[in-house]
Amino acid sequence: MALIEVEDLKVYFPIRGGIFRTIQEYVRAVDGVSFSIEKGQTYGLVGESGSGKTTIGRTIIGLNKMTSGKITFDSISLGEDRRRSRLNIQKDIQMIFQDPYSSLNPKKRVIDIIAEPLRNFEKLSTQEEKSRVQNLLDIVGLSPEAMYKYPHEFSGGQRQRIGIARAIALNPKLIIADEPVSALDVSVQAQVLNFMQDIQKELNLTYLLISHDLGIIRHMSDYIGIMYKGRYVEQGTADEIFTNPQHIYTKRLLSAIPDIDPRQREVIFEKRLKVRDEFVKLSKNYFDENGLAFPLKPISKTHFAALPERG
Amino acid sequence: MDEELVKIKQLKTSFRVLDDYYAAVDDVTLTIYKNEVLAIVGESGSGKSALAFSIMGLHNRAKIEGEIYYRGENIANASPGRWNKLRGREMGMIFQDSLSALNPLMIIGTQIEETLLLHNPKISARERKIRVIDLLMKVGIPRPEKTYYQYPHELSGGMRQRVIIAIAIANQPQLLIADEPTTALDVTIQAQILDLLRQLKNEMRAAIVLITHDLGIVAEMADRVAVMYAGQIVEIADVYTLIENPLHPYTKMLLKSVPSSSGAKSRLHVIQGVVPALHKLPREGCRFRGRIPWMDASVHESNPMLHEVRPGHYVRCTCYQYFHFPDKYKEESSHGTH
Amino acid sequence: MWKLMVRRIIIMIPQIVVLSLLVFMLAKAMPGDALTGLIDPSIDPAAIEAMRERLGLNNPWYVQYWDWITRALQGDLGQSFFFKMPVADLIGQRMVNTFWLSLATLILTYLIAIPLGIVSGRYNDTLADRLITGYTYVGFAAPLFITALLMLYIFGFQFGWFPTGGSVSPGSTPGSAEYVIDKIYHLLLPALSMALITTVSTVQYLRCEIIDTKQKDFIITARAKGASEQRVYHRHILRNSLLPIAALFGYEITGLIGGTIFIENIFNYPGMGQLFLESITRRDYSVMTALVLLYGIAAIVGALISDIILSIVDPRIRIK
């Protein structure tokens, strides 16, 4: 049983124009996306800026309204009457944001930042609250003295840990991590990624990891979905995507990743050029007349790609 | 190796914090050769951007000590007039954030023309426009005549970065400094921009100083690599040596902390602690010692020097000879798991 | 951009309708009506009633509003009972005087603000900057009417450099060169008194804009191109900082309305502001409502001008 199931999700944003600001047309930020995440797994969502990956995360947590489709979380539908179901679900789905500098209120102490979700959902005495926060700080590897400090007194990595402590305060089931490390230095990035893996095991968390960095996605994810202009082009296990990509866009994305081996560089340049030429030549076969991806077709039990009708 | 273009000797760039000067770049000695890509790698706060700004003379209120020779001329404390002749003509700079690096209220054409105008005041307006269109074409902008009249916010990030490159190369400079040129871009666009830089380098036979934190980009682009930590160069080598046989503990750990896209799901290495703030840097001894506390204090030099291990391969401090990863680093890095 | 402007102007229509309704209601809510001041207490109440009926004062409020607004649109703002002349004619003369006073104030405001703002922003944290910001703090703190009184006392009475009242010396021939010079001479002290105070916010705004723009990345780009400090300032910093100031122009007009009411009364300058205060003390309702309506429209038009200027100078808005 999947923890979360997204079925044919569409999120359109109206573009207003003209003298009376009437709706002229829609931006199809997410245009018919389906996927599901099993409990305890990490699902990586990849795409370039504007592909709609962030919108999916924001829609699941309720920051964007869905235009149509169905999101089922823990057998509860997050449908139209979100208000009623919302409250309980809000506890179970939390978010880690990209920028640890702007996502923490600079005027609040760490204890107030971390305790905020607790105060919203649980009635705790000051003493109970303090011990809970202390416990959370311990989990994210910060000392208890951190409680009474302000965000600016911490480094980027530490701040991201504070953000994580806030996200796990209510024992959520699903964490949506939107580019959780892209604002951090490499060494700090490793710290946060390792830590996310640790608490995943410990607390049996499920991750929806949104990133443009394929290295991180591969390192963290069990399943991967690749998005292009609001639609899926390919979905599969990490191995399937990286070793046996089917869609021309996936191939192009993968070929663009810089490799750490300098002796391979000429090979990579050539391959990249080849894939790019192929992309230019064949893209009309892989995308419909509007330049959008076709519906997904199964390649294997877990592997799907948006290939044209004839296969 | 090609001839020397820039030779930096014991450069120290200090900023005033309250009443004291603190060196963001401390004792950097470095040579940049013609027609090479020199990558400068480091985390934020390592001084890599401060070094680049020093070479371009772009620091407004910094104290610069030491020497920077550009083709034999010491420009470390050159007059503003001299700098204005060098910048934009002899050296160009490519910035990270293309949106904020362009004037939002000026059309693209005017912004590129400004570089031409400043160094060739005699060419006519018509000639300038032709050259700008040529430049836009050269950096791969599909409709240069249209882009000429557009404003920065009307272009995509990749297109804006191409405009920034057009500005930097307008006068065929000998030295291009690219400060995290692709950090803000998507991978496929990044690949295109790096490709463009490579192509331009081969065409102009210029030197490129590539400042980045991405070791993948280093492996793809660089001929030589300098690794910076806390204002100092801790290791310099050619790219193959640096990636295959790194010596300094910092380089070794940095390489282990990158998630590889080739698959192995091993745990990432974590470098304990953080880069100390400018005013908290240890001024004596090995600056990296705080990040490798399991190593005995005696392995560090009291006054760490750059040692030439092999021709062209320099490492700072003697601690590299004894360095080993901590046996217990598994528990260390997973602190908090009970 | 045309769409934006048309849309912006259409938005103005309901604003003005609401304004006129408010003004009308307020006038109705005040004790007495247009007739109260006109009549002699000895007149027969039945005659008064007939007169009320004839003037439409017994109609429901919306009929009265409609009559009032249609007449106002045709330029008929009623009769002033005090001056016994049409309000439109009465305001007409005064409006010209207020217009010249406002224009002089605006010019002086920018003549003071731009150099001070530039010096203060460019050389921030120097002695010059501290003196200028010091002045702006005083300007923020000092009430306009005290400054005006002080100026009047010092330069008008003590030194006698400027006339202390009126808009022109009696006996000058309209149209002659002396007449124009005399008008300007009468304008200077009130305009300067007002400008000295209203300019401080513009000085501060310009200073902040310049300091802000100085730290933008594109300034580094300009330096990296090899541009001299002078050129960086003129081509990039000043240009980019002055444009938002231009957009504030419309709002200055709103600020002037309050200012002229004080200034005209203190300097005994025959403009709309003086008339406004007089009409209040004399319960000259038709004049008062007409003036409130005009002031309101001026404020709305001021905001419109600001938006239009901004959409012209800033390409980021213009394109949309």
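A compact table of results
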{"read-out": "In the stretch A:183-229, the residues that are aromatic (F, W, Y) and either touching a Lys or Arg at 6+ places or on another chain (Cβ under 7 Å) or facing chain B (nearest Cβ under 8 Å) (or both)", "value": "A:F195"}
{"read-out": "Candidates A:A177, A:A183, filtered to the one that is out of contact with any His (no Cβ under 7 Å at 6 or more places or on another chain), in a strand (DSSP E or B) and in contact (Cβ under 8 Å) with a residue 12 or more places away in the chain", "value": "A:A177"}
{"read-out": "Among the residues listed as B:V274, B:V234, the single one being closer than 20 Å to A:D185 by Cα, in contact with a Cys (Cβ under 8 Å, 6 or more places away or on another chain) and aliphatic (A, V, I, L, M)", "value": "B:V234"}
{"read-out": "Verdict on C:G175 being away from chain B (no Cβ under 14 Å), on the phi > 0 side of the Ramachandran plot and at pLDDT below 90", "value": "yes"}
{"read-out": "Test: residue in the stretch B:244-260 that is surrounded by fewer than 21 Cβ atoms within 10 Å (Cβ to Cβ), at pLDDT 95 or above, within 11 Å of chain A (Cβ to nearest Cβ) and out of contact with any strand residue (DSSP E or B) (no Cβ under 6 Å at 6 or more places or on another chain)", "value": "no"}
{"read-out": "Cβ-Cβ under 6 Å pairs, at least 6 apart or on other chains, the stretch C:294-320 side within 16 Å of B:P152 (Cβ to Cβ), far side part of a helix (DSSP H, G or I) and modelled with pLDDT of 90 or more", "value": "C:R316/B:H153"}
{"read-out": "Count of the stretch A:1-33 residues which are out of contact with any Leu (no Cβ under 8 Å at 6 or more places or on another chain) and more than 14 Å from chain C (Cβ to nearest Cβ)", "value": "18"}
{"read-out": "Candidate set: the stretch B:98-137, residues that are out of contact with any Pro (no Cβ under 9 Å at 6 or more places or on another chain) and among the charged types (D, E, K, R); chosen: the one nearest to the other protein chains (Cβ to nearest Cβ)", "value": "B:E114"}
{"read-out": "Unmet requirement for B:P80, which otherwise passes all of (1) at the interface with another protein chain (Cβ under 8 Å from one of its Cβ atoms); (2) closer than 15 Å to B:I32 by Cβ; (3) free of Cβ contacts under 8 Å to residues at least 60 places away in the same chain", "value": "(2)"}
{"read-out": "Residues satisfying the stated conditions in the stretch B:105-131, i.e. of a type in the set (A, V, I, L, M) and closer than 23 Å to C:I237 by Cβ", "value": "B:L105, B:M106, B:I107, B:I108, B:I112, B:L116, B:L117, B:L118"}
{"read-out": "Single residue of C:L55, C:L35, C:L21 found to be of a type in the set (A, V, I, L, M) and modelled with pLDDT of 75 or more", "value": "C:L21"}
{"read-out": "Odd one out for B:T115, checked against (1) in contact (Cβ under 8 Å) with a residue 60 or more places away in the chain; (2) within 22 Å of C:K214 (Cβ to Cβ)", "value": "(1)"}
{"read-out": "Residue within the stretch A:165-179 that is within 12 Å of chain B (Cβ to nearest Cβ) and over 29 Å from A:V27 (Cα atoms) present", "value": "yes"}
{"read-out": "Residues of the stretch A:277-311 classified as without any contact (Cβ under 8 Å) to a residue 60 or more places away in the chain and either small (G, A, S) or at positive phi (or both), total", "value": "2"}
{"read-out": "Those residues of the stretch B:202-241 which are outside any strand (DSSP E or B) and in contact with a His (Cβ under 8 Å, 6 or more places away or on another chain), in sequence order", "value": "B:T241"}
{"read-out": "Residue selected from the stretch B:200-235 under the condition within 11 Å of chain A (Cβ to nearest Cβ) and closer than 17 Å to A:E270 by Cα, by the criterion modelled with the lowest pLDDT", "value": "B:G216"}
{"read-out": "Options A:T250, A:T302; residue that is farther than 30 Å from B:V225 by Cα and surrounded by fewer than 20 Cβ atoms within 10 Å (Cβ to Cβ)", "value": "A:T302"}
{"read-out": "Members of the stretch A:13-53 found to be crowded, with 18+ Cβ neighbours inside 10 Å and among the hydroxyl-bearing types (S, T, Y), listed by number", "value": "A:T42, A:Y43, A:S51"}
{"read-out": "Positions within the stretch C:55-65 being of a type in the set (A, V, I, L, M, F, W, C) and farther than 16 Å from C:L22 by Cβ, in sequence order", "value": "C:L55, C:L57, C:V63"}
{"read-out": "Tabulated pairs, the stretch A:50-72, first in contact (Cβ under 8 Å) with a residue 12 or more places away in the chain, second part of a helix (DSSP H, G or I), C-beta under 7 angstrom, 6+ apart or interchain", "value": "A:G62/A:R82; A:G62/A:R86; A:N64/A:T55; A:N64/A:R58; A:M66/A:T59; A:I71/A:I60"}
{"read-out": "Matching residues in the stretch C:225-269 - criterion: being surrounded by fewer than 19 Cβ atoms within 10 Å (Cβ to Cβ), touching a residue at least 60 places away in the same chain (Cβ under 8 Å) and not in a helix (DSSP H, G or I)", "value": "C:N268"}
{"read-out": "So B:A178, is it part of a loop (DSSP other than H, G, I, E, B) and touching a helix residue (DSSP H, G or I) at 6+ places or on another chain (Cβ under 8 Å)", "value": "no"}
{"read-out": "Of the criteria (1) assigned to a loop (DSSP other than H, G, I, E, B); (2) within 13 Å of another protein chain (Cβ to nearest Cβ); (3) more than 30 Å from A:S49 (Cβ to Cβ), which one B:G140 fails", "value": "(3)"}
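To keep it simple, each residue is scored yes or no on (1) surrounded by fewer than 24 Cβ atoms within 10 Å (Cβ to Cβ); (2) assigned by TED's automatic domain parsing to the domain that holds A:I114; (3) over 15 Å from the mean Cα position of the chain (by Cα).
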| site | (1), (2), (3) |
| --- | --- |
| A:P151 | yes, yes, yes |
| A:Q160 | no, yes, yes |
| A:V188 | no, yes, yes |
| A:L193 | yes, yes, no |
| A:D213 | yes, yes, no |
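The rows are residues; the columns are (1) part of a helix (DSSP H, G or I); (2) closer than 23 Å to C:G258 by Cβ.
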{"residue": "C:T147", "(1), (2)": "yes, yes"}
{"residue": "C:M151", "(1), (2)": "yes, yes"}
{"residue": "C:F155", "(1), (2)": "yes, yes"}
{"residue": "C:P163", "(1), (2)": "no, no"}
{"residue": "C:V168", "(1), (2)": "no, no"}
{"residue": "C:G171", "(1), (2)": "no, no"}
{"residue": "C:G175", "(1), (2)": "no, no"}
{"residue": "C:D182", "(1), (2)": "yes, no"}
{"residue": "C:L188", "(1), (2)": "yes, yes"}
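Residue-wise test of (1) over 13 Å from the mean Cα position of the chain (by Cα); (2) modelled with pLDDT under 90.
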position	(1), (2)
B:V17	yes, yes
B:Y21	yes, yes
B:N35	yes, no
B:S46	no, yes
B:S54	no, no
B:N60	yes, yes
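Residue-by-condition table, conditions (1) under 22 Å from the mean Cα position of the chain (by Cα); (2) among the aliphatic types (A, V, I, L, M); (3) surrounded by fewer than 20 Cβ atoms within 10 Å (Cβ to Cβ):
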residue: A:T237; (1), (2), (3): yes, no, yes
residue: A:P262; (1), (2), (3): no, no, no
residue: A:F269; (1), (2), (3): no, no, yes
residue: A:K274; (1), (2), (3): no, no, yes
residue: A:E278; (1), (2), (3): no, no, yes
residue: A:K281; (1), (2), (3): no, no, yes
residue: A:K284; (1), (2), (3): no, no, yes
residue: A:F287; (1), (2), (3): no, no, no
residue: A:A293; (1), (2), (3): yes, yes, no
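The values are calculated or read from the model by the stated rules, or taken from the named source; none is laboratory data. The model shown is predicted, which means the values in this text are computed figures rather than measured ones. All Cβ positions, even for glycine, are placed from backbone atoms using ideal geometry, and neighbour counts span all protein chains on display.
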